Structures are given as structure tokens and as C-alpha cells.
Amino acid sequence: MLAVIRLIFILRTFIFISAEKVFHSRDHSDAMTDIRQAELITDTDTAQRFLSKYGFIKAADGDDPQIPADETELSLSLDLQEGGTVSRSSSPDLRFVSALKEFQRVSGLPVTGVFDDATKAAMNKPRCGVPDQDEELESTEQELNETAESNSTTTHNHTHAAVNASDAANNTEPHVRKQRHLAVLLRSRRRRDASEWKGHMAFSKSLLKWRLMGEGYSSQLSIDEQKYIFRLAFRMWSEVSPLQFVEDVDSPLEDIDIRLGFGTGRHLGCSQRFDGAGREFAHAWFLGDIHFDDDEHFTVPNTGSGISLLKVAVHEIGHVLGLPHIYRSGSIMQPSYLPQDAGFEIDWMDRKSIQSLYGVCKGRFSTAFDWIRKEQTAYGEVVVRFNTYFMRDGWYWLYENRNNRTRYGDPVAVQVGWHGLPSSGVDAYVHVWNRKTDAVYFFKGVQYWRYDSENDQVFTEDSDGLSYPRLISEGFPGVSGPVDTAYYDRRDAHIYFFKGSQVFRFDVRMNRLASSSPQKLTEVFPAVVPGNHPLGNLDAAYFSYSHNTVFLLKGSWFWRMVSGRDRRRSASLPPNGLMPRRDVEQQWFDICDVHSSSLRTARR
């Protein structure tokens with residue numbers, strides 16, 4: 001009996017000592033005990049290595065700009081003498097102080113040239129491995145905001161953008177030669193292609209393929225989570241540029257434009273090595289690949305802990321597309337990682353930067369309108385609000401006039417946001433809004449639908465007992481479908497239907513066409529400048545409550561109707577006259593298409 005008790009005690013002790021935790025955190029962060037930690041910046045030696053690695057200390061003339069692969073410590077060229085240290089040459093010290101001041105300046109620190117605690121803390125922040133400074137890539141925000149005269153582009157190239165290159169100067173292996181220091185490559189590219197804009201490289205096509213490499217999955221997140229985050233990161237760039245991205249798991253590897261993967265230390269055949277958890281979390285190649293340090297604690301968006309993989313991915317994709325680091329508060333291209341903030345986005349200046357390389361988004365629309373509805377506030381007050389919408393090809397964008405941009409996360413499928421409308425979209429929108437009537441209509445082909453704004457869906461039967469959809473000719477005598485577009489003008493209580501080169505004015509109070517209808521478009525809306533007129537076949541007609549005037553859209557242009565303010569300034573302007581045409585993208589910004597494979601990606 002005693003022997004049995006001893007055996008039970010031994011077994012229980014063994015089980016207690018050797019048992020493994022059954023439940024771990026979802027990202028396994030509590031089980032990651034063997035992660036290598038990055039070297040801390042603690043003194044001037046490590047600070048100098050940091051400044052050299054990220055391009056603040058430039059190589060002397062004739063020196064190879066690459067850092068040796070063995071990452072040996074850099075000498076400060078000091079001779080020890082009795083009583084203290086005296087430099088054999090003042091150049092290294094001066095270069096170090098100058099580099100330190102530049103780092104302090106771009107980091108928003110007091111520029112002292114002294115390696116103090118604030119500077120040390122800034123150097124130890126998690127950051128991107130792409131260099132901050134490079135004589136061939138330095139670019140001011142003024143340059144990034146200018147419109148490129150030529151968007152000439154280059155062929156795909158796996159040139160590493162991280163200047164912490166570990167290639168030895170005399171290394172001639174093919175895979176190392178492909179990853180030469182970017183400055184060296186740019187010098188030769190400029191000689192070959194003088195039209196390259198300000199030295200910044202860009203893809204020569206708008207549809208780019210990407211792939212998460214099978215040998216480079218994260219050990220912390222599921223494959224589905226990784227792919228979802230990358231799809232969302234690519235979509236965010238697509239929402240503000242003409243670029244579209246598609247995941248491709250079938251094409252030959254050499255046909256993939258952007259390859260992504262996770263690794264630690266020496267990884268994925270890369271000539272660079274990651275430094276472990278704590279500082280450099282990723283590096284990228286211009287027009288090439290993106291690698292993430294799997295020693296870092298990457299998390300899904302808005303978890304409140306770790307490093308947001310989405311935020312890092314958006315940043316690194318920016319590098320692949322051609323953007324350098326940008327030292328501006330709010331920029332996603334800042335070199336150091338900022339703590340997670342809910343709903344971060346690509347801001348206005350970053351949008352202008354990517355558009356300086358790839359141009360702006362263009363396209364024609366099937367309709368545009370202001371949707372007006374009544375809402376009740378938290379205090380019980382009823383207020384009238386409006387939002388501006390653009391539609392094409394079965395998708396819609398909400399345009400925020402006060403911010404002069406589309407809503408983050410658009411476009412959205414029409415059938416998702418406008419319940420009961422045709423999935424392919426509509427031809428026209430009309431909101432009859434006066435003291436007696438508040439009715440919203442959508443037109444498609446020969447039919448129209450009445451929309452219930454309170455319940456956010458089409459009426460199958462309205463309060464008058466009318467069933468929908470109905471024929472346009474039944475609801476609007478004298479007007480037969482299809483129509484090109486239409487709008488309601490509160491100023492004269494008429495609906496303006498457009499068909500070809502004709503305009504049909506419908507009197508909603510009398511429920512009939514105006515006696516003079518139909519009329520030529522050029523008669524109802526004369527050109528202010530002779531010959532500058534859409535003539536007919538409009539895509540959209542839109543009364544804007546934000547601008548208090550009418551816009552006619554056709555192709556990539558719009559014509560604005562002369563407003564009351566215009567006529568007060570110049571009485572010679574004709575009533576309903578059309579001002580000279582302008583490009584749509586000059587008035588409404590960043591209405592961009594997204595690849596169909598990304599359209600189903602929810603934002604949050």
C-alpha cells in the first residue's frame with residue numbers, strides 16, 4: 001500500500017512539473033519564449049551603427065555604400081592618450097554629430113547633437129528597415145505634391161530599399177548583385193531613362209499581382225487572417241490610386257509583382273537579416289518583395305496590443321510602390337511605428353504622394369445625387385441631412401463634401417447599400433422635395449422605383465397603393481424610358497429628364513410635361529463659352545446642395561451651371577448657362593475602382 005502511495009505521489013509530481021499549458025493566447029504570444037531580441041541602442045557606438053544603417057551617416061566619396069554582411073562594429077577612429085581621448089581626425093565625430101542632429105530633426109526632438117535619453121528612446125522604437133536618408137532618394141514633400149509631367153515607369157526590379165544591406169563590397173554572387181544598394185541602381189537607371197520622375201521608380205502597369213509565400217507564413221496568425229489583412233492593406237492603396245491588386249496563387253513566381261513573407265534572422269533567401277524583436281519589424285524592395293520579422297508580435301487590427309500587421313503592411317506596400325519615408329505627423333510613411341489607432345487611414349498628403357507617381361483616379365458615372373433624409377438626434381430633434389453619392393457599374397461611393405474625399409471603405413455594392421434596387425445600378429435619381437411631397441425615385445431602363453428612405457429600401461407598394469417597379473410612362477406622362485439621366489430642381493418644381501440631345505421638363509405640381517417640352521439641351525442649358533458644351537448623351541445630372549447648383553457629367557468631364565452668385569457678379573451670364581468643362585477629378589477626388597476580388601473585403 002505504501003509503495004502504491006509513493007508511486008501516485010511520483011506520478012502526480014511528474015505530471016505537475018511536465019504538463020503543458022492547454023490553452024494559449026490566440027496569437028501564441030504567451031508561448032514565444034525563444035524569441036531573439038534586437039540589440040538596444042545604449043551608447044554612441046550603437047548609435048553610430050544605427051545612424052549608418054539607416055542612412056544618416058553617408059559613405060565617404062568613393063566608399064561602397066553597403067554595410068558589411070558580418071555587421072562588425074564601426075570604429076570611431078579614436079586614439080587613447082593619457083588624460084582622455086583625442087580624435088586622430090575630427091571628421092568621424094563631426095559626421096556623427098551632424099547625423100545625430102538630422103535624426104533629431106526628423107524625429108521631432110530638440111536638435112542638440114547630444115546623444116541624450118530622448119534620442120536613445122527614439123532610436124529604440126519599433127521601425128521599418130527601409131533607410132530614412134539616401135542622397136539619391138531624398139525628397140521633400142513639395143516634390144511629392146507636384147504633378148509629374150511624365151509617369152514613365154520602369155520594369156520590375158528586386159532592388160532592396162533597405163540600406164542596411166549586408167552585402168560585402170566584393171560579393172559578386174547573382175542573388176546578391178540583384179539586391180545592390182538602391183542608390184547605385186538608380187544612378188544607372190537615370191542614365192538609361194531620363195524621363196523617370198525625380199528618381200522615383202513606379203510600376204509600369206496598373207494591375208499588380210501579389211502572393212503570400214507558402215514558405216513564409218506567420219507563426220502567430222492564421223493563414224486566413226494574414227491574407228485578409230494583406231487584401232485589406234492592398235485595397236487601402238487601391239482606394240486612393242488607379243492601381244488595382246489581385247492575389248495570384250497560380251502564376252509562375254517570376255510573374256508575381258509583389259511577394260510577401262515572414263521570417264526570422266536569415267530568412268527567405270534574403271541577403272538581409274532581421275535583428276529580433278524590438279526594433280526593425282519589416283523591410284521592402286522598391287517594385288519587389290516585402291519581408292516581415294516573425295520575431296515581432298504582429299496582431300490583427302484594433303486589438304490594442306502588439307504591432308498592427310495591417311498598419312505595417314500598408315507602410316511597406318507604400319515603399320514597394322515607390323514612396324520613401326515621409327517625416328510628417330499623420331503620414332503612414334513615417335519610419336517609426338506609432339501605437340495602434342482605431343481606423344487609421346491613408347491621409348491627404350500620402351494620397352497626393354502616391355498619385356504623383358501613378359496619377360489620379362478617373363472614370364465615368366451612371367448617376368450622381370444628394371440623398372436627403374430626416375433624422376432624429378439624441379435630443380429628439382428632427383434634422384434634415386444629405387449625403388452625396390456616385391454610382392457606376394453596380395457600385396457606389398459616398399462623397400464627404402466637408403472632407404473633399406470619398407468615405408473610407410468605398411465602393412460598396414449597390415444592392416448592399418440600397419436595398420431592392422437593380423444590382424447593376426441605376427440610370428437616374430430624382431428626389432421630389434417640396435412642402436407637399438417628399439418622394440425619392442430611381443430609374444433604370446423603362447422602369448422606376450420609389451425608395452423608402454426611412455426604412456432604407458424600395459417600396460413594393462406606397463401609401464397611395466401604387467406597386468413598384470412601374471413603367472416610367474405611367475408615372476410621368478409624356479416621358480418614355482429609358483432616360484440618360486434626370487434631376488429635380490426645387491427652384492422651379494420641375495424634373496429635368498435627359499434623352500440624347502433633348503430635355504423633357506416635367507411639372508410635378510401639374511403632373512405633366514411643360515408646354516415647351518421637349519427642347520434641345522443647348523437651348524435649355526446654353527454654353528457660356530461657344531462650343532464648350534456636352535451637346536447630349538449625358539451620364540449624370542446632379543443638383544448639388546453643397547454647391548447650390550447643377551452639374552452635368554459626361555465621360556471624364558463636368559459642366560457646372562451658372563449659379564445665382566455667378567450672375568450677381570456678372571449679369572451678362574445666361575440663365576442656366578454652362579460654365580466651361582472641367583475634369584471630374586478636379587472637383588471630386590479619389591473616386592477609385594477596386595479590383596473585384598477586393599470589393600468584398602470589409603474594412604473593420
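The residue pairs whose first member lies in segment 466-490 and is under 25 Å from residue 535 (Cα atoms) and exposed (fewer than 15 other Cβ atoms within 10 Å of the Cβ), whose second member is modelled with pLDDT of 95 or more and polar (S, T, N, Q), and whose beta carbons are closer than 6 Å, counting only pairs six or more residues apart or on different chains, are 480/473.
Report yes if residue 266 is in contact with a Lys or Arg (Cβ under 6 Å, 6 or more places away or on another chain), of a type in the set (Lys, Arg) and touching a residue at least 24 places away in the same chain (Cβ under 8 Å), otherwise no. No: the conditions fail for residue 266. Filtered by the rule that a residue be in contact (Cβ under 8 Å) with a residue 40 or more places away in the chain and among the hydrophobic types (A, V, I, L, M, F, W, C), segment 434-452 gives 440, 443. Assessment of segment 505-520 against the conditions (of a type outside the set (S, T, N, Q) and in contact (Cβ under 8 Å) with a residue 40 or more places away in the chain) yields at least one matching residue. Residues that are charged (D, E, K, R) and assigned to a loop (DSSP other than H, G, I, E, B) were ranked within segment 221-263; the one that is nearest to residue 273 (Cα to Cα) is 257.
Take the residues of segment 389-410 that are assigned to a loop (DSSP other than H, G, I, E, B) and not small (Gly, Ala, Ser): which is nearest to residue 443 (Cα to Cα)?
Of everything passing the filter in segment 389-410, 393 is nearest to residue 443 (Cα to Cα).
Residues considered: 521, 578, 538, 553. Of these, the only one that is crowded, with 17+ Cβ neighbours inside 10 Å and in contact with a Leu (Cβ under 6 Å, 6 or more places away or on another chain) is 538.
Quick grid of which residues meet (1) closer than 26 Å to residue 103 by Cβ; (2) assigned to a loop (DSSP other than H, G, I, E, B); (3) among the small types (Gly, Ala, Ser):
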site: 288; (1), (2), (3): no, yes, yes
site: 313; (1), (2), (3): yes, no, yes
site: 324; (1), (2), (3): yes, yes, no
site: 330; (1), (2), (3): yes, yes, yes
site: 339; (1), (2), (3): yes, yes, no
site: 346; (1), (2), (3): yes, yes, no
site: 353; (1), (2), (3): yes, no, yes
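The set of residues in segment 374-429 being loosely packed, with under 12 Cβ neighbours inside 10 Å and among the charged types (D, E, K, R) consists of 374, 375, 381, 385, 402. Please find, within segment 353-404, the residue that is modelled with the highest pLDDT out of those that are aliphatic (A, V, I, L, M) and more than 22 Å from the chain's Cα centre (by Cα). Of everything passing the filter in segment 353-404, 368 is modelled with the highest pLDDT. Taken together, the residues in segment 560-575 that are in a loop (DSSP other than H, G, I, E, B) and either of a type in the set (A, V, I, L, M) or surrounded by 13 or more Cβ atoms within 10 Å (Cβ to Cβ) (or both) amount to 4.
Looking at segment 296-335, which of its residues are of a type in the set (Gly, Ala, Ser), buried (at least 17 other Cβ atoms within 10 Å of the Cβ) and in contact (Cβ under 8 Å) with a residue 24 or more places away in the chain?
First pass over segment 296-335, keeping only residues of a type in the set (Gly, Ala, Ser): 304-306, 308, 313, 318, 322, 329-331.
Next cut, buried (at least 17 other Cβ atoms within 10 Å of the Cβ) only: 308, 313, 318, 322, 331.
Passing the criteria: 308, 313, 318, 322.
Annotation note: Cβ proximity below 8 Å between a residue of segment 39-68 that is more than 20 Å from residue 117 (Cα to Cα) and among the aliphatic types (A, V, I, L, M) and a residue that is outside any loop (DSSP other than H, G, I, E, B) and modelled with pLDDT under 85 (sequence gap 6+ or interchain) occurs for 67/52; 67/53. Only one of the listed residues (350, 293) is over 17 Å from the mean Cα position of the chain (by Cα) and buried (at least 21 other Cβ atoms within 10 Å of the Cβ). That residue is 293.
The values are calculated or read from the model by the stated rules, or taken from the named source; none is laboratory data. Just so you know, these numbers come straight off a predicted model, no measurement behind them. Cβ: placed from backbone, ideal geometry, glycine included. Neighbour counts: every protein chain shown.
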